C-alpha cells in the first residue's frame, strides 16, 4: 500500500491537513461530544466506575498496556473516575489528572439524552454560537490529553515503571 492509499494521516499536506484528519471541519463540538455512541457509552462508563472499587480490581484491562507494557493515554482513567466518584480526589489525580475534565464531560453527555428536545435544541444553538471558542478548547484538551499520555509513556519506558 502506498502512502497515498494509506488511511492514516500524513504530514505531507502540512500540520493543518494532519489536524483536520482527526478533527473534521464539518464536525462541530456538539456533534463530536453528543454522538450516539458517546450517549450510550458515557452512562455505562459512569456506572462501571461507580460500581468498581476505587483502587481497581487488581487486573489490567488495557490491551495496549498488556501488549506493550506501557501505559496508554487513558490508563488509570477508570480508577481515577472510581476514586473521584467515591470522594477521593487525591487518588483520582494520582491515577489520571485529566479525570477532572473527563468526569463533567461524561455526566453532561449522560444527562444530555434525558433532556427535553427544546433544551437540547437550546444547548445545540449555544454550542453553535460559541463554536469559535469551543473548538480550540476541545482540540487543546484532546491534544494535551494525548501529549500527557505520550510523556507518561516515555517516562514509563525509560524508568521501567509499572506503577500506573
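The values are calculated or read from the model by the stated rules, or taken from the named source; none is laboratory data. Keep in mind it's a predicted model, so treat the numbers as computed, not measured. Cβ atoms come from the backbone with ideal geometry, glycine included; neighbour counts cover every protein chain shown.
So that you can scan it fast, the table gives a plain yes or no per residue for (1) in contact (Cβ under 8 Å) with a residue 24 or more places away in the chain; (2) surrounded by 12 or more Cβ atoms within 10 Å (Cβ to Cβ):
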residue: 118; (1), (2): no, no
residue: 128; (1), (2): yes, yes
residue: 132; (1), (2): no, no
residue: 141; (1), (2): yes, yes
residue: 145; (1), (2): yes, yes
residue: 151; (1), (2): no, no
residue: 155; (1), (2): no, yes
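What residue, of 72, 62, is surrounded by 15 or more Cβ atoms within 10 Å (Cβ to Cβ), modelled with pLDDT under 95 and within 14 Å of the chain's Cα centre (by Cα)?
Only one candidate passes the filter, namely 72.
Looking at (1) within 23 Å of residue 82 (Cα to Cα); (2) in contact with a helix residue (DSSP H, G or I) (Cβ under 8 Å, 6 or more places away or on another chain), which is the one condition that is false for residue 128?
Unmet for residue 128, out of (1) within 23 Å of residue 82 (Cα to Cα); (2) in contact with a helix residue (DSSP H, G or I) (Cβ under 8 Å, 6 or more places away or on another chain): (1).
For segment 77-115: of the residues being in contact (Cβ under 8 Å) with a residue 60 or more places away in the chain and more than 12 Å from the chain's Cα centre (by Cα), which is nearest to residue 62 (Cα to Cα)?
Looking at the filtered set, the residue picked out is 95.
Could you check segment 80-164 for helices (runs of 4 or more DSSP H) lying wholly inside it with 1 or more residues that are within 24 Å of residue 52 (Cα to Cα)?
Output list reads 89-95, 99-112, 131-159.
Among the numbered criteria (1) without any contact (Cβ under 8 Å) to a residue 60 or more places away in the chain; (2) in a helix (DSSP H, G or I); (3) surrounded by 11 or more Cβ atoms within 10 Å (Cβ to Cβ), which single criterion is violated by residue 56?
(2)
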